[in-house]
Structure formats: structure tokens, C-alpha cells
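Participant: Would you mind keeping the following structure in view while I ask a few things?
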Amino acid sequence: MKYLSTRGEASGRAFSEILLEGLAPDGGLYLPERYPAVDAATLARWRGLSYPELAFELLSLYIDDVPAADLRALLARTYTAEVFGDERIVPLRPLEPGMFVLGLSNGPTLAFKDLAMQFLGQAFEYELARQSRSLNVLGATSGDTGSAAEHALKGKRGVQVFMLSPLGRMSAFQQAQMFSLQDANIHNVAVEGVFDDCQDLVKAVSADLAFKQRHAIGTVNSINWARLLAQVVYYFAGWFQATPDGDGPVDFAVPTGNFGNICAGHIARQMGLPIRRLVLATNENDVLDEFFRTGRYRVRTAAETHETSSPSMDISKASNFERFVFDAVGRDARRTRELFAEVERTRTFALTETERARLPAFGLVSGRSTGADRLATIRQVHGATGQVIDPHTADALKVAREHAEPGTPMVVLETALAAKFGATVREAIGLDAPRPVRFAGIEALPRRFVTMPVDVAALKALIVENA
């Protein structure tokens with residue numbers, strides 16, 4: 001299996017070459033040259049596998065330059081009941097008739113990002129040792145990516161982590177999970193801006209190829225193919241649990257801002273997993289909902305980016321979206337490069353009528369949820385079932401209900417444990433969300449971070465000083 005860039009200037013790369021790289025040298029994102037096909041016989045063979053065994057079968061289709069025994073052992077270390085609290089790793093639970101929630105919040109930082117980050121931490125340490133290298137990991141987070149990455153990489157040999165987050169725009173719990181870490185290889189940077197500013201800083205540093213190579217810059221954001229690949233696994237695991245008596249289609253509802261989580265579902269569907277529809281849910285930052293309704297992608301400015309009660313989705317420039325667009329325009333790298341060059345110039349692009357006509361074949365539908373919707377959904381679920389869901393999952397559930405149809409299971413992807421968003425939960429139900437004992441008093445722990453303006457030169461200087 002070889003990999004190519006969505007912009008066409010990098011191809012024929014092996015998995016181990018792109019694992020530590022992040023963006024391709026031409027600014028594009030890596031994708032496999034083809035998606036391996038998974039047929040009904042293969043699905044039948046995989047049904048009943050443990051999560052690490054399923055992950056091995058899937059990842060083996062994309063990773064052929066790591067010895068099978070090493071990959072199997074790496075995944076066995078990653079996906080354990082001790083780390084994720086359940087042998088199923090991603091347990092499915094019923095919510096209401098035909099509607100289910102896939103439990104993705106059982107990892108060390110109580111968010112779905114742990115499913116990929118724990119793998120990435122193991123893979124980075126393995127590959128760096130194999131190549132006798134070190135790596136400076138640069139990332140941006142709107143909430144959960146940062147803590148999941150830091151908890152996966154803290155103390156790892158040969159790795160320094162520089163994580164950017166928007167100053168004052170995460171929940172107190174999310175902030176404490178990151179800033180309370182005292183490990184010497186973890187560097188938290190609070191940026192005086194919004195998430196998109198953080199993301200742009202990461203891309204700007206990565207685009208300076210000389211600096212990137214000299215200082216061994218890598219990334220854990222979902223622009224990293226390995227992270228996205230690990231997320232594909234839980235779509236298969238969720239489908240198996242939702243179809244215990246057959247092999248029928250399933251719908252998945254996914255809250256998204258950066259298009260990473262739902263892009264993994266797109267890949268699973270392209271491989272042949274019987275996903276009828278992928279239901280994309282945004283909050284008030286509805287760039288992606290607008291695109292799937294109109295065919296126009298319109299990036300908002302920082303001033304136009306709303307600060308909401310589902311902060312991990314407060315994103316107006318979806319860094320993973322380019323992967324989907326590349327597939328949607330027939331894997332035409334020239335056209336993809338042209339569209340995203342237009343975004344850089346004008347903050348927008350529009351598909352042609354012919355290109356728009358191809359979109360329904362990919363099975364994506366979309367919708368939007370607001371602050372009032374989140375509160376109402378959290379309140380209704382708690383009243384009806386006793387369950388407490390987080391605001392991002394509430395966004396997904398609200399939109400899922402608009403698209404659900406009898407006879408097709410709808411699986412809502414859980415974003416995080418509700419305890420990470422205590423203020424919103426209290427506003428919705430008048431109670432605190434249940435919190436694991438190990439996180440008691442986390443907001444009061446000493447904090448270690450630096451504050452920085454939106455300044456590429458300052459970020460580079462910080463990396464040089466601490467690398």
C-alpha cells in the first residue's frame with residue numbers, strides 16, 4: 001500500500017514514511033492510493049473479533065511495512081480493558097427505539113480522541129526507536145485533541161509535544177486536563193485567538209519545509225493519516241454491535257467541526273462497510289452543513305466564529321475536509337489544488353453543478369444544532385433515560401433524529417463524557433454530571449503553560465528553545 005497527496009506532488013510513499021510527517025510537502029493531505037475493498041465474507045469473518053484483533057485486520061490492509069507481529073503487539077498494548085474500561089473498548093448502548101450511542105469516551109481523557117491517540121503514541125515511540133530518531137510534535141486543539149495527545153505522548157522517548165489551544169475557549173475541565181500536566185516533554189501554548197488561528201499556525205510551520213526538516217516537526221492532528229486510520233476501526237466495531245442478527249445497513253450520526261471523525265466514516269463506507277448514510281452535525285459554526293446543502297465551502301473569519309457550548313466544534317476551517325473533496329472530485333489532484341488555492345485567496349469555493357451532482361453518492365447528509373437545541377436534548381435524554389450526554393453528542397443526536405428512518409439503526413458517535421462540560425450540563429438538568437473519582441478536583445491543580453499571540457516566528461522560536 002502506497003500513499004499520495006491530495007495535491008498531487010507526493011506519491012508512492014510508504015506508511016512509515018508518512019506516519020511522522022503530517023502534511024505532505026506540497027501542503028496536501030495523505031491518502032492511500034486506493035481504499036481496500038471489504039466484502040460480506042470478510043465482514044462475516046471479522047464479526048466476533050476482539051477490538052485489537054479487528055484493528056489488526058483493518059490496519060494490516062493499510063500498513064505493510066511494519067512486521068505483522070509488531071503491529072499486532074502494538075495494537076494489543078493500545079486497546080486494553082485497563083485503558084478503556086471495557087473489553088469491548090467502544091460499547092454500544094441503546095438510547096431509544098432504533099437509536100444507539102457508541103461509547104467512545106472511556107479512555108484516559110474521557111473523549112473519542114483517545115481511540116486514535118493511544119495508538120498514535122505507541123506507533124510514534126515504535127517508529128522513532130526503529131529509525132533512531134526524535135520528533136517534535138506540533139498540534140492544535142479546540143478541546144479534546146490536545147489532552148488526548150498529551151496523555152498518549154507524555155513521557156514517551158524521543159518526543160516533545162507543543163500543543164496550541166485558543167486562550168479561554170475550552171471548558172475548565174478540558175483546560176485543566178492539559179495545563180495540569182507537569183511532564184517535561186509537554187509544552188502547552190495558549191494562543192490569543194480562536195482554534196482556526198491555532199490550526200493556521202501549525203500549518204504555517206509545517207509548510208516551512210526547511211524548518212520542518214531541521215527540527216523534525218510532526219503532527220497528531222487528524223491531518224495525520226495514522227490517526228484517521230485508527231478511527232476507521234470503531235465504525236466497523238459499531239456496525240457489528242448494531243447488526244447482531246444480520247448484515248443490514250446502519251446510519252451513523254457524527255458531530256463534527258474539523259471533518260476528521262466523519263472522514264473516518266467516509267473511508268469505512270468507501271471500503272464497503274454497509275453504511276447507508278453519514279449524518280453530519282454542526283453547531284452554530286455551520287460551514288460544513290452549508291457545504292452539503294449548497295455545494296459552497298465558505299470559511300468564516302475569527303470574528304465570525306461563534307463561541308458555543310460545544311467548543312470542540314467551534315471550527316470554521318475544516319482541516320480534514322480536503323480529503324473528502326479529493327474523493328468527491330474524482331481524485332483529481334489538480335482540481336483539489338485549485339479549489340483550496342481559491343480558499344486561501346478568497347476564503348471560499350463553489351463546486352460546479354456536475355461536481356455537486358456527485359455528492360449524494362457519498363451518502364452524507366447534514367444538519368445544524370444550536371445552544372438551545374443542546375440544552376433541550378441533554379434535558380430530554382436525562383429525563384427519559386437517566387443518561388447524561390455531553391453537548392457535542394447532543395448536537396449529533398438532535399440532527400440524527402431529523403434524519404432517522406424506521407428499520408435502519410442510527411448510531412450516534414459519542415464525543416466525550418458529560419463531566420468535561422459541567423457548566424452546560426448543570427444549565428440543562430440542574431445537576432452535575434457524574435465524574436470519575438480520579439478526576440476529582442482537577443480544575444484546582446497547578447498549571448503549566450505559556451501564552452502567545454498569533455505569531456509564526458514566536459512559535460518557531462519556542463520550538464527551537466525547547467526542542
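The values are calculated or read from the model by the stated rules, or taken from the named source; none is laboratory data. These figures come from a predicted structure and were not determined experimentally. Glycine gets a Cβ as well: all are built from the backbone with ideal geometry, and neighbour counts include every protein chain shown.
Participant: Pick from segment 171-228 the residues that are touching a strand residue (DSSP E or B) at 6+ places or on another chain (Cβ under 9 Å) and hydroxyl-bearing (Ser, Thr, Tyr): which of them is modelled with the lowest pLDDT?
Facilitator: For segment 171-228, the residue satisfying everything is 219.
Participant: Another question about this same structure. Mind listing whichever residues of segment 108-129 are in a loop (DSSP other than H, G, I, E, B) and surrounded by 24 or more Cβ atoms within 10 Å (Cβ to Cβ)?
Facilitator: Residues satisfying the conditions are 109, 110, 112.
Participant: Next question. What pairs come out if I take residues in segment 263-291 that are assigned to a loop (DSSP other than H, G, I, E, B) and pair them with residues that are among the basic types (Lys, Arg) and crowded, with 24+ Cβ neighbours inside 10 Å whose C-beta lies under 9 Å away, six or more apart or interchain?
Facilitator: 283/374
Participant: So, in segment 33-48, of the ones that are aliphatic (A, V, I, L, M) and not in a helix (DSSP H, G or I), which residue ends up farthest from residue 102 (Cα to Cα)?
Facilitator: Filtering segment 33-48 for residues that are aliphatic (A, V, I, L, M) and not in a helix (DSSP H, G or I), the one farthest from residue 102 (Cα to Cα) comes out as 37.
Participant: Any residue in segment 33-45 that is over 24 Å from the mean Cα position of the chain (by Cα) and under 16 Å from residue 267 (Cβ atoms)?
Facilitator: yes
Participant: Here's another thing I want to ask about it. Across segment 49-79, which residue is surrounded by the fewest Cβ atoms within 10 Å (Cβ to Cβ) among those that are free of Cβ contacts under 8 Å to residues at least 24 places away in the same chain and not in a helix (DSSP H, G or I)?
Facilitator: Checked segment 49-79; the qualifying residue surrounded by the fewest Cβ atoms within 10 Å (Cβ to Cβ) is 67.
Participant: What residue, among those in segment 360-375 that are assigned to a helix (DSSP H, G or I) and in contact (Cβ under 8 Å) with a residue 40 or more places away in the chain, is surrounded by the most Cβ atoms within 10 Å (Cβ to Cβ)?
Facilitator: 374
Participant: Any idea how many residues of segment 25-47 are free of Cβ contacts under 8 Å to residues at least 40 places away in the same chain and among the small types (Gly, Ala, Ser)?
Facilitator: Total satisfying the criteria: 1.
Residue-wise test of (1) modelled with pLDDT under 95; (2) under 21 Å from residue 34 (Cβ atoms); (3) of a type outside the set (Lys, Arg).
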residue	(1), (2), (3)
269	no, yes, no
272	no, yes, yes
283	no, no, yes
288	no, no, yes
293	no, no, no
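Participant: Across segment 448-467, what is the total count of residues that are hydrophobic (A, V, I, L, M, F, W, C) and either within 16 Å of residue 161 (Cβ to Cβ) or modelled with pLDDT under 95 (or both)?
Facilitator: 8
Participant: Which ranges mark the helices (runs of 4 or more DSSP H) fully within segment 306-359 that have 3 or more residues being buried (at least 22 other Cβ atoms within 10 Å of the Cβ)?
Facilitator: Counting at least 3 such residues, we get 321-328.
Participant: What are the residues in segment 296-322 that are aliphatic (A, V, I, L, M) and free of Cβ contacts under 8 Å to residues at least 40 places away in the same chain, if any?
Facilitator: Hit for segment 296-322 is 303, nothing else.
Participant: I would also like to ask the following. For segment 130-177, give me each residue that is closer than 23 Å to residue 80 by Cα and part of a helix (DSSP H, G or I).
Facilitator: Of everything in segment 130-177, those that are closer than 23 Å to residue 80 by Cα and part of a helix (DSSP H, G or I) turn out to be 144, 145, 146, 147, 148, 149, 150, 151, 152, 153, 177.
Participant: Considering only segment 399-420, state which residues are small (Gly, Ala, Ser) and either over 9 Å from residue 253 (Cα atoms) or surrounded by fewer than 23 Cβ atoms within 10 Å (Cβ to Cβ) (or both).
Facilitator: Listed by number, the residues that qualify are 404, 407, 416, 418, 419.
Participant: Separate question: Tally time: how many residues in segment 1-24 are in a loop (DSSP other than H, G, I, E, B) and either more than 22 Å from residue 128 (Cα to Cα) or free of Cβ contacts under 8 Å to residues at least 24 places away in the same chain (or both)?
Facilitator: Residues flagged as in a loop (DSSP other than H, G, I, E, B) and either more than 22 Å from residue 128 (Cα to Cα) or free of Cβ contacts under 8 Å to residues at least 24 places away in the same chain (or both) within segment 1-24 amount to 8.
Participant: In segment 176-216, what residues are within 18 Å of residue 124 (Cβ to Cβ) and either under 20 Å from the mean Cα position of the chain (by Cα) or charged (D, E, K, R) (or both)?
Facilitator: Once the filter is applied, which keeps residues that are within 18 Å of residue 124 (Cβ to Cβ) and either under 20 Å from the mean Cα position of the chain (by Cα) or charged (D, E, K, R) (or both), segment 176-216 yields 183, 202, 206, 212.
Participant: Among 384, 396, 423, which is the only one that is loosely packed, with under 14 Cβ neighbours inside 10 Å, part of a helix (DSSP H, G or I) and in contact with a Leu (Cβ under 9 Å, 6 or more places away or on another chain)?
Facilitator: The match here is 384.
Participant: Residue pairs, Cβ under 7 Å, 6 or more apart or interchain, first in segment 168-188 and farther than 19 Å from residue 138 by Cα, second acidic (Asp, Glu). List them.
Facilitator: 169/307; 169/314; 172/443; 173/443; 176/443
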